[in-house]
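Structure first, then comments.
Just so you know, all these numbers are worked out from the coordinates, no wet-lab data involved. What you see is a predicted model; the values in this text were computed from it and never measured. FYI the Cβ positions are ideal-geometry reconstructions off the backbone, even for glycines, and counts take in every protein chain you see.
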Amino acid sequence: MKLEESKILITGGSLGIGKATARLLVECGARVGITGRDKARLDAAAKQTGAYAIVADVAREDDIERTYRTFLEQFGGLDCLVNNAGIARSRPLVEVTLDDFDDIFTVNVYGAAMMTAKAVPIFTKQKRGNIINIGSTAGLKGYEGGTVYAASKFALRGMTMCWQAELRRHNIRVILINPSEVATAIGSRERIEREAAANKLSSLEIAHAIKSALEMDDRGFVPEHAVFATNPWS
């Protein structure tokens, strides 16, 4: 895929991986729209990255409809959807509630599925398209306290495989990127980004993984790509 003049929609673009990816892709000549729930934060991210802001929540069906309507009016088409919006919460199993499952699955699983369902008819009609799902290494191996979050990322991984099987015949590439621990605002109630330690991953590493996966010629695709810090214990 050629990034220059491509039209890319990124959910959860206010902070972290979404914001870093928007900046990098805009620098490569792409036309990028970002979504987020906090207008002030989203507008600031749009100003810093050169992306177009669409205030929307992937957990709301009417917001998803409005996102696509606004994006298509602004850009006239869609080449790539990046399902990046996500929330996290860690709790011991005995403290897990149904509300935890509802909150996290509504964004991480249902939101990604419904955003993708709206993109597929566009991609099918033009016989090409790209879907990037931002998973997690928590979707490869669980961890203590990760019952709900890890389950949501295992679910996203399973959906990715289903979409690959369903959509390849339409020249639609579905790619799963699994970051290990990244210094972002995910898991923070105040949505404040953490500083990346020198030996840990930053959002930019994941943005580069997304960029490189998209830049592969359309005849091939990377089904799944995990990104780990080389030596996080040093």
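Values computed for the structure shown
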{"item": "Distance (nanometres) between label positions extended 7 Å along Cα→Cβ at residue 199 and residue 103", "result": "3.2"}
{"item": "Sites matching trypsin sites (Lys or Arg not before Pro) across segment 1-86 that sit in DSSP coil, with at most 16 neighbouring C-beta atoms within 10 Å", "result": "2, 60"}
{"item": "Whole-Hz couplings from phi, Karplus 6.51/-1.76/1.60, listed for segment 214-219; x for Gly and Pro", "result": "5, 6, 4, 4, 4, 6"}
{"item": "Among the listed pairs 2/200; 39/118; 2/118; 7/141, those beyond 25 Å (Cα-Cα)", "result": "2/200; 7/141"}
{"item": "Mean shadow area of the chain, taken as a quarter of the surface of its Cα convex hull (nm²)", "result": "12.2"}
{"item": "Estimated inter-spin distance, residue 74 and residue 122, nm [label 7 Å along Cα→Cβ]", "result": "1.1"}
